[in-house]
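Input: a single structure, listed below in structure tokens.
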Amino acid sequence: QQQVKQSPQSLIVQKGGISIINCAYENTAFDYFPWYQQFPGKGPALLIAIRPDVSEKKEGRFTISFNKSAKQFSLHIMDSQPGDSATYFCAASSSGGYNKLIFGAGTRLAVHP
Amino acid sequence: EAGVVQSPRYKIIEKKQPVAFWCNPISGHNTLYWYRQNLGQGPELLIRYENEEAVDDSQLPKDRFSAERLKGVDSTLKIQPAELGDSAVYLCASSSGSGDYNEQFFGPGTRLTVL
């Protein structure tokens, strides 16, 4: 019940296309859902996060869509750029992120020029 | 503002040897986390500190792993003795522990290879 399932494992998108990564969770106590971006040799960096009281959050080209009833959330990257090529992790936590983050297995995104 | 600092960045050791990792969190951050990231996986929490107190160490293999956070600032994670399966990236993160949301800031990690 603590798992966060992430798909796809890898994704190839053409420059300018839309990248979509999906995550699903079981624990209804989760109330904080961040997405992290990780480049090779670097630690994960927070990209965008959402609380379950809203269904969508947008920051620039990055949008989180959240479906509380289905216990699913997704990351959309609009106008994908080669610089977006990285590994993306969804995560979930309870108590607004004060408890431990449970990470998905990651999606390796490659944006081709 | 300086980020989370970790050292060393890379470490190669023989199995059964001891190893230690050091973390300096962002100044003023009371909460410190150690995560382990296996190849191709997401990070998994090993231990969480609130100031000097370990408040969640349920995932720390206590037979060989130990951690400390003296004076509530820097932290050290130790493995003794190391096993082949300990090869991973060890990430340190910190957060301010205040506000509605608790953003965790990660360091670059220490890549451990056990031969």
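The values are calculated or read from the model by the stated rules, or taken from the named source; none is laboratory data. Values in this document were obtained by computation on a predicted structure and should not be read as measured data. All Cβ positions, even for glycine, are placed from backbone atoms using ideal geometry, and neighbour counts span all protein chains on display. Quick note on the areas: whole protein, heavy atoms, side chains included, nothing else; ligands and nucleic acids left out. Shrake-Rupley method; radii C 1.70, N 1.55, O 1.52, S 1.80 Å.
Quick test for you: out of A:SER74, A:SER69, A:SER65, A:SER80, pick the one residue that is farther than 23 Å from B:GLN6 by Cβ, out of contact with any Lys or Arg (no Cβ under 7 Å at 6 or more places or on another chain), hydroxyl-bearing (Ser, Thr, Tyr) and not in a strand (DSSP E or B).
A:SER69
Quick one: which residue in A:PHE89, A:PHE103, A:PHE62 is more than 10 Å from chain B (Cβ to nearest Cβ) and either among the aromatic types (Phe, Trp, Tyr) or under 28 Å from B:TRP34 (Cβ atoms) (or both)?
The match here is A:PHE62.
Out of all the residues in the stretch B:56-78, is one or more open to solvent by 10 Å² or more (accessible area, probe 1.4 Å), in contact (Cβ under 8 Å) with a residue 60 or more places away in the chain and not polar (S, T, N, Q)?
yes
Taking the criterion of being more than 12 Å from the chain's Cα centre (by Cα) and part of a strand (DSSP E or B), would at least one residue in the stretch A:34-56 satisfy it?
yes
Which pairs turn up if I take residues in the stretch B:2-31 that are within 17 Å of B:THR76 (Cα to Cα) and look for partners that are aromatic (Phe, Trp, Tyr) and in a strand (DSSP E or B) with beta carbon separation below 6 Å, at least 6 apart in sequence or on another chain?
Between residues of the stretch B:2-31 that are within 17 Å of B:THR76 (Cα to Cα) and residues that are aromatic (Phe, Trp, Tyr) and in a strand (DSSP E or B), the close pairs are B:VAL4/B:PHE105; B:SER7/B:TRP22; B:PHE21/B:TYR90; B:ILE26/B:PHE105.
Please find, among A:ARG108, A:ARG51, the residue that is within 10 Å of another protein chain (Cβ to nearest Cβ), within 17 Å of B:GLY40 (Cα to Cα) and surrounded by fewer than 19 Cβ atoms within 10 Å (Cβ to Cβ).
A:ARG108
Could we say that B:TYR101 is more than 10 Å from chain A (Cβ to nearest Cβ) and of a type in the set (Phe, Trp, Tyr) here?
No.
Any residue in the stretch A:1-21 that is within 11 Å of another protein chain (Cβ to nearest Cβ) and touching a residue at least 12 places away in the same chain (Cβ under 8 Å) sitting within a Cβ distance under 6 Å of a residue that is assigned to a strand (DSSP E or B) and open to solvent by 40 Å² or more (accessible area, probe 1.4 Å)? List the pairs, counting only those 6 or more apart or interchain.
Between residues of the stretch A:1-21 that are within 11 Å of another protein chain (Cβ to nearest Cβ) and touching a residue at least 12 places away in the same chain (Cβ under 8 Å) and residues that are assigned to a strand (DSSP E or B) and open to solvent by 40 Å² or more (accessible area, probe 1.4 Å), the close pairs are A:SER10/A:ARG108.
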